[in-house]
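Participant: Please see the structure below; I have some questions.
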Amino acid sequence: MSTSSWRKPPTRSTTFWPGADPMTKTAARPPAEAIAVHPVQAPPPAGGRGRRRLADQVRAYGFLLGGLICFALFSWYPAIRAVVIAFQKYTPGSSPEWVGTANFTRVLHDPEFTAAWRNTLTFTLLALLIGFAIPFLLALVLNELRHAKAFFRVVVYLPVMIPPVVSALLWKWFYDPGAGLANEALRFLHLPTSNWSNGADTALVSLVAVATWANMGGTVLIYLAALQSIPGELYEAAELDGASLLQRVRHVTIPQTRFVILMLMLLQIIATMQVFTEPFVITGGGPENATVTVLYLIYKYAFLYNDFGGACALSVMLLVLLGAFSALYLRLTRSGEDDA
């Protein structure tokens with residue numbers, strides 16, 4: 001072996017602490033003063049944590065108290081007061097007189113009572129058939145857009161920002177049988193005109209169109225948010241399986257947004273059962289009581305007939321009906337989710 005190829009093995013340098021034996025190359029343990037000792041902080045006393053938690057709870061309930069007071073004064077107290085007045089003969093400025101169920105009996109025998117409930121239920125059914133499907137379809141279209149998404153969202157939501165009375169007045173001019181824009185467009189297309197809100201057969205359908213246009217913006221945005229939360233992998237898997245557009249909507253979109261659809265359906269039924277602005281501003285309950293709704297009849301009892309007992313009796317009937325329907329609806333949907 002040549003000396004040039006020989007290399008001295010590397011030596012490992014060892015750092016010894018003071019007191020180590022260099023001959024045996026045994027490193028002694030470092031002295032106690034060389035070891036950094038970090039003091040252990042004692043946990044805060046349990047009483048301090050409890051006081052902080054109590055202060056946070058008091059602060060939270062303090063902020064909640066304002067909302068509870070507002071609800072109590074402007075929502076719960078009027079509702080309880082209406083239930084009491086429903087069993088009284090009440091006129092503002094005079095002492096109430098307890099009459100039991102006389103108000104309910106008188107209201108039930110009113111010829112407008114049957115017409116009001118029939119119109120309200122018909123309006124609700126038409127709103128579900130027309131006004132419930134259109135927002136969902138619009139949300140599907142907006143979800144597929146690639147350009148100008150923000151612009152079309154503003155356009156769809158714009159009617160919600162218009163005051164309801166102003167919106168109803170605009171549609172009242174639109175439906176005018178003489179110089180209204182609807183009939184002018186039909187004349188331009190050489191099509192027969194219509195009485196729209198002035199006809200007994202078309203008035204209720206015209207009001208459903210107004211309510212759908214004025215209120216669908218918020219529903220569309222809620223549907224759009226639900227659609228954008230669906231994982232894209234589900235649609236990709238459906239496309240790989242050869243699913244068409246309608247099949248993807250049926251088997252992916254609707255099941256994934258089922259909870260939102262059910263809740264919005266419940267809220268829409270409750271809202272349409274309390275329709276008031278459109279018949280009050282556009283038709284005044286006519287023609288021939290074709291658009292008198294329950295809430296409009298409550299208004300007539302209270303402010304036209306000066307019968308607050310009858311108005312409150314009708315309000316209690318509507319409250320009981322909507323409460324029973326909501327409880328039944330939630331029970332059925334909950335049992336359906338459990339079975340699924």
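Participant: Exactly one of these conditions fails for residue 211: (1) surrounded by 11 or more Cβ atoms within 10 Å (Cβ to Cβ); (2) among the aliphatic types (A, V, I, L, M); (3) farther than 21 Å from residue 282 by Cβ. Give me its number.
Facilitator: Just one mismatch for residue 211, condition (3).
Participant: Please note which helices (runs of 4 or more DSSP H) are completely contained in region 163-272 and include at least 1 residues that are of a type in the set (Phe, Trp, Tyr). Full working, then the answer.
Facilitator: On the way: elements: 164-174, 181-188, 203-228, 232-240, 245-248, 258-272.
In region 163-272, the matching helices (runs of 4 or more DSSP H) lie at 164-174, 181-188, 203-228, 232-240, 258-272.
Participant: If residue 326 satisfies all but one of (1) more than 26 Å from residue 205 (Cβ to Cβ); (2) surrounded by 15 or more Cβ atoms within 10 Å (Cβ to Cβ); (3) under 20 Å from the mean Cα position of the chain (by Cα), what's the number of the condition it fails?
Facilitator: The number of the failed condition is (2).
Participant: Right, next: Just give me the residues in region 198-213 being in contact with a helix residue (DSSP H, G or I) (Cβ under 9 Å, 6 or more places away or on another chain) and not β-branched (Val, Ile, Thr), in sequence order. Explain how you work it out, then say what you get.
Facilitator: Of all residues in region 198-213, those in contact with a helix residue (DSSP H, G or I) (Cβ under 9 Å, 6 or more places away or on another chain) come to 198-199, 202-213.
Selection gives 198, 199, 203, 204, 206, 207, 209, 211, 213.
Rundown of residues vs (1) open to solvent by less than 40 Å² (accessible area, probe 1.4 Å); (2) of a type in the set (Ser, Thr, Tyr); (3) closer than 17 Å to residue 212 by Cα, yes/no style:
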{"site": "249", "(1), (2), (3)": "yes, no, no"}
{"site": "270", "(1), (2), (3)": "no, no, yes"}
{"site": "278", "(1), (2), (3)": "yes, no, yes"}
{"site": "292", "(1), (2), (3)": "yes, no, no"}
{"site": "296", "(1), (2), (3)": "yes, yes, no"}
{"site": "301", "(1), (2), (3)": "yes, yes, no"}
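Participant: Quick one: is residue 133 hydrophobic (A, V, I, L, M, F, W, C) and modelled with pLDDT under 80?
Facilitator: no
Participant: Separate question: Between a first residue in region 149-172 that is of a type in the set (D, E, K, R) and a second residue that is open to solvent by less than 70 Å² (accessible area, probe 1.4 Å), which pairs have beta carbons less than 6 Å apart while being 6 or more apart in sequence or on different chains?
Facilitator: 172/282
Participant: Between residues in region 124-142 that are free of Cβ contacts under 8 Å to residues at least 40 places away in the same chain and residues that are open to solvent by 60 Å² or more (accessible area, probe 1.4 Å) and part of a helix (DSSP H, G or I), which pairs lie under 9 Å by C-beta distance while being six or more apart or on different chains?
Facilitator: Filtered contacts from region 124-142: 141/152.
Participant: Residues in region 126-152 that are farther than 14 Å from residue 215 by Cβ, in a helix (DSSP H, G or I) and open to solvent by 60 Å² or more (accessible area, probe 1.4 Å): how many?
Facilitator: Result for region 126-152: 8.
Participant: Further, regarding this structure: Please state which of the following conditions residue 306 fails to meet, knowing it meets all the rest: (1) open to solvent by 30 Å² or more (accessible area, probe 1.4 Å); (2) assigned to a helix (DSSP H, G or I); (3) of a type outside the set (D, E, K, R).
Facilitator: Failed condition: (2).
Participant: Within region 63-120, how many residues are more than 24 Å from the chain's Cα centre (by Cα), among the hydrophobic types (A, V, I, L, M, F, W, C) and open to solvent by less than 90 Å² (accessible area, probe 1.4 Å)?
Facilitator: So the answer is 14.
Participant: With respect to residue 310, determine if the residue is of a type outside the set (A, V, I, L, M, F, W, C) and closer than 30 Å to residue 177 by Cβ.
Facilitator: For residue 310, the condition - of a type outside the set (A, V, I, L, M, F, W, C) and closer than 30 Å to residue 177 by Cβ - is not met.
Participant: Look at residue 258 and say whether it is of a type in the set (Lys, Arg) and farther than 17 Å from residue 141 by Cα.
Facilitator: yes
The values are calculated or read from the model by the stated rules, or taken from the named source; none is laboratory data. None of the values given here were measured: they were computed from a predicted structure. Reconstructed Cβ throughout: ideal geometry from the backbone, glycine too, with neighbour counts over all protein chains shown. Areas reflect the complete protein model, heavy atoms only, side chains present, ligands, DNA and RNA absent. Shrake-Rupley method; radii C 1.70, N 1.55, O 1.52, S 1.80 Å.
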